[in-house]
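Where a number appears in this text, it was derived from the coordinates with a stated rule and is not lab data. Just so it is clear, the structure is predicted and the values come from calculations on it, not from any experiment. Cβ coordinates were reconstructed from backbone atoms using ideal geometry, including for glycine residues, and neighbour counts include every protein chain displayed.
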Amino acid sequence: MKKKAISGLLCAALVTMLVGCGGGAPAANNSAPAETETANSGDTDTSPAPAEEKEAETASEASSASGALTIWEHNTSFEGSLESVVEGFKAKYPDIDVEYEFKEQDQYYNLLNIAIQSGDAPDVFWTNGTATNNMSELVKAGAVLGLSDFLDTKDIPENCMQIGTIDGTVYSVPWSCIDTRACYYNKDIFKENGWETPKTYDEFVKLLQTQKDAGYIPISLDPNSCWDLLFAYEPVLSAYDSEYTEGLADYSVKATDKPARDAMNEMLDWADKGYFGDNYLGVADEAAMVLTFTSGEAAMCLAGSWEANTFMDNNPNLNLGAFQIPDKNGKTGMVGTNANGFSVYSNSPNMDAAKLFIQYCATIEAQQAWVDGQGAVSGNPNVKSGSDIAGEIANADTTYTSWQSVLSNHVKEGENASTLFENDITKVFSKEMTTDEFFDEIEAVMQ
Amino acid sequence: MNKRRQYLFFITPGFILYTVFIIIPILYVIYLSFFEWNGLTEMTFVGMENFKLLMTDNKIAPDFWSAVKNNLKYLLCIWFVVTPLQFITAYFFYVRIPAFKYIKFMVFMPYVISTTIVSFFATIIFNPNIGILNSVLKALNLPQGSWLGDPNWTFKIFIMIVIWQSAGSGMMIFYSNLLDIPKDIMEACSIDGANEFQKFWHILLPLSLPSCASIIIMSTIWALSVFDLPYILVGSTGGVKGVLDFVNMVFYRYTFGSVLNAQSNYGFGAAISTVMLIVIIIVTAVQNKILSRFEYDN
């Protein structure tokens, strides 16, 4: 009898391993089955002057569109922006219910894949566009709706659109902001200690030791997330060797050349010197990294431009400043990629509403709302930068190509360098791999 | 004949449910392990390729076997650390140590707290920069640690959290079992002059072995399928040096994650499950051998 019970329970455990994990995927809530009659009055006359045909068509579709939209974003730091955009959309289309969910950044694509596989995907979802290969995989699987047929993108510059376009077809609406990285600093701590923002790379390195000696953690870093490490590594790399970083734009240098390795070794050296905190390997996630900075334990934090809001939400009294780390000659650069936005699930049961939402995202109104919500650096002449801190972040002499985007764009056919980076960069910092082992394995799959 | 039909009447519903929800999914998982399938496109038959990849790939195989080792290490901790502690705690309540009702409540309470909250407490305590533990050590001028970032400490902290969180359930089962032991047996022991240790060793412990067997069976299943707590504590990669990387986390990464060729692969995940089934069968066989000695002849 007991054996039967044991085998029954063990079988259940096994099934839980496969079925349970799949079932754990958060289901998109598409419960409202599109029954309401009309959309908003006034939606036709809200769009002012050049009322083009496409807009008119879309607006008339709106009169029959209703239902519930579910949107997925990959990081809570975008909550302010998304809230503003949804608010603007709801003002135009009050009959469409909009729900949005924020997923754990590291697991975002896993959850999205599971939702798509189970046929229960959100109507509208974020991807990183062509910056990584996730969107193209989803396009290949037929999960992303091509938008070119109906989308009006006249308000978004051509260069911004590239991140949402594959083989000439638009699959996502990008945001008119540049996702960049910055060295955030606590202005009060700097003022109290009489520290100035560094004018050269050497001054920056010297400042780290000064801060350490003063009892602060110089840089708050999360060594357990590949993305947080990347957003710290890229600005260090661009300052460590700006000439090399410039070469990434036309791939005249390789992503695994000596300067890239040396810059990572430099960061490991900083780790050994305690510049990330003496026990920084125990910083388990991004939230812990943010808290270390906003609580005043750390003087600086290297992070994405989108984190400015998170810092301020976390501690509204924080006197936040930002700068780009200068190179040895004092030249500053901004490592940036255009920010991608939302795509539409090809089997969305709320297709009309999803199309209206995605069209709304492509308007100047929504683009400005997003940039304002982020306090972001604008990448569109018709959209203003979102905040004072954005001005500080954008105060740079040049813009560099992201090292990580080179991994996606210049990898050998059928290989995946981004996956290697995602899996192994944390191992370099925990010293399970050497820098050379890490770069060698990437080199083997790069063009 | 009539009698046989009656048996069928009772057995059939359970048999159907068990077959549909347990046997068929297991067979399907084994079937799936011979295919490559991302859930979106066509399934491609690849024969033993998934197993070969799991056993021989120089990145995947070490990850998998390290995770199996961690599961077995955790299992041993459950058997030889957590279960004895649960029994000793139950014994203290049985002999009614002072304030045992309050302590019993406090010991059991973490069991009803969700794992996410338990992990949040762990972060508040063990975070090296803002955690309480390092703050206290700093105030006392003692050396501080990175705790969950230190491979020497991670597993120990994990076991401590497991004890704190889940010791209550097994303890309550042991306690109920101890309360079920007939009073007249204990009185007879006292009359015969047995001291407390002799009562514990010769009466209470042997009579608790049936509940011990149940607890071990359940603990074994939990130990071999652990996922949530380590995942929340250190993330899906199992933390520094993969100290908390368990098979379910490997399974999750490779099946639903982008770790394998940047896309989900149900077939490969099924291969992991199938190999794990074999490991479970081996562990169960050993366990059955041991637990059969605890059974009473009725």
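Within the range A:186-293, the GluC sites (Glu not before Pro) that combine a DSSP coil assignment with at most 15 other C-beta atoms in a 10 angstrom radius are A:Glu196. Quick one: compute the contact order of chain A, relative version, from alpha carbon pairs under 8 angstrom and 6+ residues apart, as a percent. So the answer I get is 22 percent. Rounded to the nearest 10 degrees, the inclination of helix A:201-213 to the longest alpha-carbon principal axis of chain A is 80 degrees. The slack in the chain from A:Glu432 to A:Glu196, taken as 0.36 nm per residue of separation less the alpha-carbon distance, amounts to 81.3 nm.
Kindly give Rg over Rh for the range A:134-234, based on alpha-carbon atoms, with the Kirkwood expression for the hydrodynamic radius. Walk me through the numbers before you get to the answer.
Values: Rg = 21.1 Å, Rh = 17.6 Å.
That ratio equals 1.20.
In chain B, a dipole from Cβ-located charges (positive for Lys and Arg, negative for Asp and Glu) runs towards its positive end, and of B:Asn195, B:Val247, B:Gln6 it is B:Asn195 whose Cα lies farthest in that direction.
Remark on A:Ala322: its backbone amide H falls under 5 Å from those of A:Tyr185, a criterion applied only to residues 5 or more positions apart or on other chains, H modelled at 1.01 Å from N. The alpha carbon gyration tensor of the range B:98-257 gives principal lengths a ≥ b ≥ c with a/c of 1.5 or higher and a/b greater than b/c, which makes the shape prolate.
For the pair B:Leu209 and A:Asp257, label points projected 7 Å from Cα toward Cβ lie 7.3 nm apart.
Can you compute the FRET efficiency between B:Ile185 and B:Ile124 using 1/(1 + (r/R0)^6), with r the Cβ-Cβ distance and R0 = 35 Å? Round to the nearest 0.05. Don't skip to the answer; put the middle values down first.
Values: r = 47 Å, r/R0 = 1.34.
Using R0 = 35 Å, I get an efficiency of 0.15.
Using the beta-carbon distance between B:Ala99 and B:Trp222 and R0 = 41 Å, what value does 1/(1 + (r/R0)^6) give for FRET efficiency, to the nearest 0.05?
0.85
Between exposed GluC sites (Glu not before Pro) in chain B, where DSSP calls loop and at most 15 other Cβ atoms lie within 10 Å, what's the longest gap? With GluC sites (Glu not before Pro) excluded where exposed in loops, chain B gives B:43-294 as its longest stretch.
Using only DSSP helix segments of four residues or longer, with each worth -39500 (n - 2.57), what per-residue ellipticity at 222 nm results for chain A after dividing by its residue count and rounding to 500? Don't jump to the answer; show the numbers that get you there.
Details: 20 runs with 196 residues, N = 447.
Roughly -13000 deg cm²/dmol at 222 nm, from the helical runs in chain A.
Pairwise Cα separations in the range A:132-184 fall into 10 Å bins from 0 onward with the following percentages, short to long: 22, 48, 23, 6, 0.
Within 10 Å of the Cβ of each residue in A:424-432, the mean number of Cβ atoms contributed by other protein chains is 3. Rounded to the nearest 0.05, the FRET efficiency derived from the C-beta distance between B:Asp57 and B:Ser292 at R0 = 60 Å is 0.95.
Residues whose amide H comes within less than 5 Å of that of A:Ala303, counting only those at least five positions distant or on another chain, are A:Ala182, A:Tyr184 (H built at 1.01 Å from N in the peptide plane). Diffusion coefficient (Stokes-Einstein, Kirkwood radius over C-alpha pairs, 20 °C, 1.002 mPa s) for chain B: 95 µm²/s, rounded to a whole number.
Stretching the chain fully between B:Ile117 and B:Trp164 yields a gain of 15.6 nm (0.36 nm per residue, less the alpha carbon separation). Roughly what percent of Cα-Cα pairs across the range A:329-422 reach past 24 Å? For the range A:329-422, the fraction of Cα-Cα distances above 24 Å is 46 percent. The Cβ shell under 14 Å around B:Ser66 holds other residues with a net charge of +2, Lys and Arg each +1, Asp and Glu each -1.
In a reduced charge model with +1 at each Lys and Arg Cβ and -1 at each Asp and Glu Cβ, the protein assembly as shown shows a dipole moment near 4340 debye about its Cα centre. Charges on Cβ only, +1 for Lys and Arg, -1 for Asp and Glu, centred on the Cα centroid of the protein assembly as shown; of B:Gly267, B:Thr284, A:Val205, which one is farthest towards the dipole's positive end? Farthest towards the positive end: B:Thr284. In loop segments of the range B:124-206 as defined by DSSP, there are no chymotrypsin sites (Phe, Trp or Tyr not before Pro) with at most 10 further C-beta atoms inside 10 Å of their C-beta. Note on B:Lys241: lysines with a C-alpha under 25 Å away, same-chain residues under 8 apart excluded, are A:Lys273, A:Lys427, A:Lys431, B:Lys52, B:Lys59, B:Lys69, B:Lys73, B:Lys156.
For the protein assembly as shown, the alpha carbon positions stretch 97, 72, 50 Å along the principal axes, listed from largest to smallest. Sequence-ordered 3J(HN,Hα) estimates for the range B:19-34 from the Karplus curve with 6.51, -1.76 and 1.60 and θ = phi - 60° stand at 5, 5, 9, 10, 5, 4, x, 5, 5, 5, 4, 5, 4, 5, 5, 9 Hz, glycine and proline given as x. Excluding the site residues themselves, the longest part of chain B lacking any trypsin sites (Lys or Arg not before Pro) in a DSSP loop with at most 15 other Cβ atoms within 10 Å is B:97-298.
With the cut-off at 1.5 for a/c, could you classify the range B:6-107 from its C-alpha gyration tensor as rounded, prolate or oblate? Because a/c hits 1.5 or more and a/b fails to exceed b/c, the range B:6-107 counts as oblate. Treating only the Cα positions of the range B:62-142 as identical point scatterers, give the base-10 log of I(q)/I(0) from the Debye formula at each q in 0.23 Å⁻¹. Once normalised to I(0) and log-transformed, intensities are -1.02. Across the range B:138-145, computed HN-Hα scalar couplings (Karplus, 6.51 cos²θ - 1.76 cosθ + 1.60, θ = phi - 60°) run 5, 4, 8, 6, 9, x, 9, x Hz from first to last residue, x flagging Gly and Pro. For A:Gly67, the amide hydrogen comes within under 5 Å of the amide hydrogens of A:Glu35, A:Thr36, A:Asp97, counting only partners 5 or more places away or on other chains and with H modelled in the peptide plane. Charging the Cβ of each Asp and Glu at -1 and of each Lys and Arg at +1, and nothing else, the dipole of the range A:196-270 about its Cα centre rounds to 140 debye.
For the range A:177-277, averaging the sequence separation of C-alpha pairs within contact (under 8 Å, six or more residues apart) and dividing by the residue count gives a relative contact order of 29 percent. Could you work out the percent of alpha carbon pairs in chain A separated by over 27 Å, rounded to a whole number? Beyond 27 Å sits 56 percent of the P(r) for chain A.
Fully extending the segment from B:Leu76 to B:Lys138, taken as 0.36 nm per residue of separation minus the present Cα-Cα distance, adds 18.9 nm. Shown in residue order for the range A:341-355 are the 3J(HN,Hα) couplings computed by the Karplus curve 6.51 cos²θ - 1.76 cosθ + 1.60 at θ = phi - 60°: x, 9, 10, 10, 5, 5, 10, 4, x, 10, 4, 4, 5, 5, 5 Hz (x for Gly and Pro).
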